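Worksheet: one structure, shown below.
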Amino acid sequence: MNQSDSKEKIRAAIRRSKEVWWTATDLAKETGIPLETTLSLLETSGTFLRAYHTNPLGQSVFTTREKYLADLPWPRRLLDLLANKVGV
């Protein structure tokens with residue numbers, strides 16, 4: 001599977017989920033893409049956002065720009081922007 005296909009598979013998993021934020025480990029399990037590839041795509045692609053906060057286990061969490069804009073209310077996005085809490 002090439003990088004473009006892998007990236008689209010990750011985007012699709014996030015898009016169809018009720019959850020906004022995902023760990024790389026959970027996305028790798030959900031998509032069947034190796035963890036190293038998943039993490040590399042999440043970190044280097046402009047498609048994905050990494051939150052400055054972590055989950056309760058201290059793991060980085062990611063989402064897509066589309067999911068972030070569609071599922072989080074504008075006051076939350078404004079607060080994130082003002083507090084510089086999302087790697088936009």
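Throughout, read-outs are computed from the coordinates displayed, never taken from laboratory work. The shown structure was predicted, so the numbers you read here are calculated from the model rather than taken from an experiment. Here the Cβ is made from the backbone with ideal geometry for all residues, glycine too, and neighbour counts use every protein chain on show.
Can you tell me the FRET efficiency between Lys18 and Glu43 if r is taken as the Cβ-Cβ distance and R0 is 41 Å, rounded to the nearest 0.05?
Numbers: r = 24 Å, r/R0 = 0.59.
Plugging the Cβ-Cβ distance into 1/(1 + (r/R0)^6) gives 0.95.
Evaluate the distance, in nm, between pseudo-label points positioned 7 Å from the Cα of Glu36 and of His53 along their respective Cα→Cβ axes.
3.3
Would you calculate a helix-derived [θ] at 222 nm for the chain, using -39,500 (n - 2.57) for each DSSP H run of n ≥ 4 and dividing by the full residue count, to the nearest 500? Mind showing how you got there, number by number?
Numbers: 5 runs with 49 residues, N = 88.
Dividing the helical sum by the residues of the chain leaves -16000 deg cm²/dmol.
Across the Cα atoms of the chain, what radius of gyration and what greatest pairwise Cα-Cα distance (Dmax) are found, in Å?
12.6, 39
Mind ranking 51-58, 39-46, 17-24 by how tightly packed they are, going by the mean number of other C-beta atoms within 10 angstrom, highest first? Can you show the working numbers first?
Details: 51-58: 10.5, 39-46: 15.4, 17-24: 17.2.
So the peptides 51-58, 39-46, 17-24, ranked by packing, come out 17-24, 39-46, 51-58.
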